[in-house]
């Protein structure tokens, strides 16, 4: 910041001039009344007074400002004090004000960012607590009921143990998803990239979710008949999970008798684009920037009727970021949503247009 300062002499020039004029008038009056006025020495004295006053004032002002600004550097830490030197400090207060204002704005933005993170942290912790306590209380309730005597009835015992087991499975599901996201973020989960047929992988997801879609009479379809394989290079298992999560999300929030359509487009010579679209309930515009956050749900009622860990879309985002790819969403509330992401073609497919 200090390197941008310009040295100014205006204050020292004017102040030295005022002092010289005042002193010259006093000296002239004294010489007039004593009758000892000598022009040569008088002019030399005036000039000497001016230059001495100028240098003293300039030095003192710069030294004064430097000490005060240095103190701000050290105490408030708004600026980097290690880069500040006396020779770089200015008496141009307009420049100083602009620089301090710039740093103030930067710090304000930083503080606002920290506040947003704090809000997100609190909301995230609340969501984690809510997601975990529901199955925990369910398991606890069934176990306590069994301990209170219900375990003597074999039919009730088996039913309650099965329900308690479902609660435990949900807990394990949530913990595994959280663990995966953490590994993806820290880079501990290494990708095993290989060439595979993208169409076949999507068809596997359709087969896996066929019964889930049938419960709501939702059709899982391709936008066209892909007769030839579309080869991509990625971690097959992780991309399978990403595609499955997107289709599950589409089914979960899709309308009964609706459709989930998947299309694969040739984006350029190096990449393909996958689109997963539906005619479901859609997402309100203000919620779009947050759909990939952990545990974020569009339904603010807190209902968990659709199940899931609330981490599906977040996992998709992290899997694709690990592949140096991006996932995006377009949606119109009440009309439907479309999620899309890109993948790198295999070296063989990159030479062929489909």
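Each value in this text was obtained by applying a stated rule to the coordinates, not by laboratory testing. All values reported here derive from a predicted model rather than from experimental measurement. Virtual Cβ from ideal backbone geometry, glycine too; neighbours counted across all protein chains shown.
On a C-alpha basis, how far is the centre of segment 192-207 from the centre of segment 217-249 in Å? Whole number, if you could?
6 Å
Neighbour counts of other C-beta atoms within 10 Å: give me 246, 209 arranged from fewest to most.
209, 246
In whole angstrom, note down how far apart the Cα centers of segment 30-52 and segment 265-288 are.
Measuring centre to centre over Cα atoms gives 87 Å.
Is the shape of segment 193-351 rounded, prolate or oblate, going by the alpha carbon gyration tensor and its root eigenvalues a ≥ b ≥ c, with a/c under 1.5 for rounded and a/b larger than b/c for prolate?
prolate
Quick one: grab the alpha carbon gyration tensor of segment 239-287, order the square roots of its eigenvalues as a ≥ b ≥ c, and give me rounded if a/c is under 1.5, else prolate or oblate depending on whether a/b is larger than b/c.
prolate
Using packing as a proxy for protection, rank 171-184, 329-342, 312-325, 143-156 so that the peptide with the highest average count of other Cβ atoms within 10 Å comes first.
312-325, 329-342, 171-184, 143-156
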